[in-house]
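Accompanying notes for the structure given below.
Here, each number is a calculation from the coordinates, and none is a lab measurement. Every value quoted in this text rests on a predicted model; they were computed, and no experiment measured them. With ideal geometry, Cβ positions are generated from the backbone for all residues, glycine too; neighbour counts draw on all protein chains shown.
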Amino acid sequence: MSDTAAVAEAEALVADATGGTDGTGEGGPKFTLELNQDQKDIREWVHGFAEGVVRPAAEEWDEREETPWPVIQEAAKIGLYSFEALGQFWADETGLTLPIANEELFWGDAGIGMAIMGTSLAVAAIFGQGTPEQMGEWIPQCFGSADDPKVAAFCSSEPDAGSDVSAIRTTARYDEATDEWVLNGQKAWATNGGIANVHVVIASVDRELGSRGHAAFVIPPGTAGCEQGAKVKKHGLRASHTADVHLDDCRVPGACLLGGKEKLDERLARVREGKKAKSQAAMQTFEASRPTVGAQALGIARAAYEYALEYAKERRQFGKAIVENQAIAFTLADMKLEIDAARLLVWRAAWMGRNGHKFENAEGSMSKLKAGEVAVWATERAIQILGGNGYTREFPVERMHRDAKIYTIFEGTSEIQRLVISRAISGVHIK
Ligand SMILES: Cc1cc2nc3c(=O)[nH]c(=O)nc-3n(C[C@H](O)[C@H](O)[C@H](O)COP(=O)(O)OP(=O)(O)OC[C@H]3O[C@@H](n4cnc5c(N)ncnc54)[C@H](O)[C@@H]3O)c2cc1C
């Protein structure tokens with residue numbers, strides 16, 4: 001075969017496989033890991049904000065252990081902190097824009113990142129379980145306006161119900177006379193708890209049904225009986241506010257039950273008849289948000305890796321740059337490898353979630369588990385590469401390590417993720 005004929009044949013084969021030499025064919029684009037222009041633009045935009053605004057403020061707000069309202073306001077002013085931006089990230093049919101934006105923001109700083117993104121867990125609950133009217137009413141109120149930004153809180157955990165969501169004791173009782181729900185209980189470790197404009201609270205409407213008797217409620221701004229309890233002092237993520245929330249005869253209108261009463265009654269009836277019901281209120285929110293949370297952990301890991309790489313090229317000992325030692329260079333190679341591997345898991349889960357593919361093998365859990373553990377490991381390695389400097393607060397990797405640790409704990413601990421994965425792959429109810 002002549003060269004020209006061989007090339008023509010190869011081109012025909014490629015065209016067959018891809019549906020055209022431009023890489024697209026009927027039924028949409030074929031598999032690609034190349035980001036499109038919108039994704040690249042958003043990545044650059046968020047990166048610019050993370051580099052120019054978030055990073056310079058990181059140390060200050062970590063030390064102050066306060067919500068960085070001026071930074072949230074800056075994010076609101078450029079439209080990054082807004083339901084429109086979140087909607088735009090979500091609209092990407094590949095599912096990748098949301099993790100990309102989170103990775104970049106948390107690359108800037110995780111404490112401030114969480115102060116900005118903490119709201120999105122409550123938004124995810126309203127979006128996932130609310131009616132269109134409820135979404136329209138409450139999601140904008142989670143963010144407030146650029147001049148007067150607000151935050152939102154998602155309150156599931158309780159002092160005796162962390163990993164074991166079914167142990168939730170907060171109750172919601174329906175008062176038919178007034179068409180109100182009356183909530184009583186105590187929520188623990190709520191991000192933005194007590195300072196939020198909108199709280200989404202998971203409560204039990206029928207304790208006998210365990211987690212299948214849970215429902216999600218919106219607590220509107222300024223509702224009597226919803227108060228902040230103790231603010232938690234933390235190891236990391238210190239620019240993000242975490243607190244207990246007390247609900248004492250907290251009355252909310254009937255319309256604050258996400259999804260509405262009819263849907264709840266139908267679901268409860270199915271459960272009482274012993275039929276299968278859809279997954280529980282809190283679990284639905286966690287499942288959807290796991291790849292995004294994994295992307296946040298990735299941002300921290302990447303920031304620590306990049307810092308350590310530059311440092312290793314600059315720092316000289318024994319007459320040469322420390323990166324020239326295999327021990328350091330191989331560690332950096334492993335850091336890059338693990339971070340990229342974790343990103344692929346995050347992107348896969350994000351794509352699956354966005355395109356309605358069921359997580360048959362708990363792919364959402366896999367992504368969060370891997371990214372969280374990589375973040376803890378990579379930030380610890382970064383401290384090692386920086387030596388004494390790494391251990392001080394003069395250098396950022398110490399803060400990154402403190403920030404990373406929460407990613408093996410919240411939104412399902414690493415052990416719980418392994419439980420979910422092992423149950424999914426085995427079909428056995430592993431305990
Ligand atoms: C900074 C921060 C922010 C948070 N934000 C929120 C929020 O916004 N909203 C919210 O609702 N919650 C929030 N949480 C709570 C968080 O989700 C819980 O801390 C987490 O789910 C773990 O629960 P726990 O702390 O009660 O640990 P526990 O459930 O008591 O677990 C303790 C240990 O036992 C292990 N363990 C438990 N059960 C098993 C098992 N069956 N098999 C093997 N090991 C097991 C766990 O993995 C863990 O290592 C936040 C927590 C923190 C620290």
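Inspect all residues belonging to segment 122-135 and state whether any of them is aromatic (Phe, Trp, Tyr) and within 19 Å of CYS250 (Cα to Cα). Among the residues of segment 122-135, not one is aromatic (Phe, Trp, Tyr) and within 19 Å of CYS250 (Cα to Cα), which makes the answer no.
Determine, yes or no, whether ALA378 is among the small types (Gly, Ala, Ser), crowded, with 18+ Cβ neighbours inside 10 Å and away from the ligand (no atom under 13 Å from the Cβ). Yes: the conditions hold for ALA378. Looking across segment 388-403 at every residue that is within 26 Å of the chain's Cα centre (by Cα) and crowded, with 22+ Cβ neighbours inside 10 Å, the one that is nearest to LEU309 (Cα to Cα) is identified as VAL397. One residue stands out among those in segment 111-148 that are within 22 Å of VAL293 (Cβ to Cβ) and not in a helix (DSSP H, G or I): the one that is farthest from the ligand (Cβ to nearest atom), which is GLY130.
For (1) within 27 Å of GLU104 (Cβ to Cβ); (2) crowded, with 20+ Cβ neighbours inside 10 Å; (3) among the aliphatic types (A, V, I, L, M), each residue gets a yes or a no:
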| site | (1), (2), (3) |
| --- | --- |
| GLU310 | yes, no, no |
| GLN326 | no, no, no |
| LEU337 | yes, no, yes |
| ARG343 | yes, yes, no |
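A single member of ILE385, ILE425, ILE421, ILE406 is part of a helix (DSSP H, G or I), out of contact with any Leu (no Cβ under 9 Å at 6 or more places or on another chain) and either of a type outside the set (Asp, Glu) or crowded, with 16+ Cβ neighbours inside 10 Å (or both), and it is ILE425. Close contacts from segment 200-227, counting a first residue that is closer than 17 Å to ALA167 by Cβ and a second that is among the aromatic types (Phe, Trp, Tyr) and more than 16 Å from the ligand (Cβ to nearest atom), with Cβ to Cβ under 9 Å and a gap of 6+ residues or different chains, come to ALA203/TRP181; VAL205/TYR174; VAL205/TRP181; ALA215/TRP181. Candidates LYS187, LYS234: the one that is within 30 Å of GLU59 (Cβ to Cβ), touching a residue at least 24 places away in the same chain (Cβ under 8 Å) and either within 15 Å of the ligand (Cβ to nearest atom) or not in a strand (DSSP E or B) (or both) is LYS234.
When we screen ARG173, ARG169 for residues that are surrounded by fewer than 18 Cβ atoms within 10 Å (Cβ to Cβ), free of Cβ contacts under 8 Å to residues at least 60 places away in the same chain and more than 14 Å from the ligand (Cβ to nearest atom), the only hit is ARG173.
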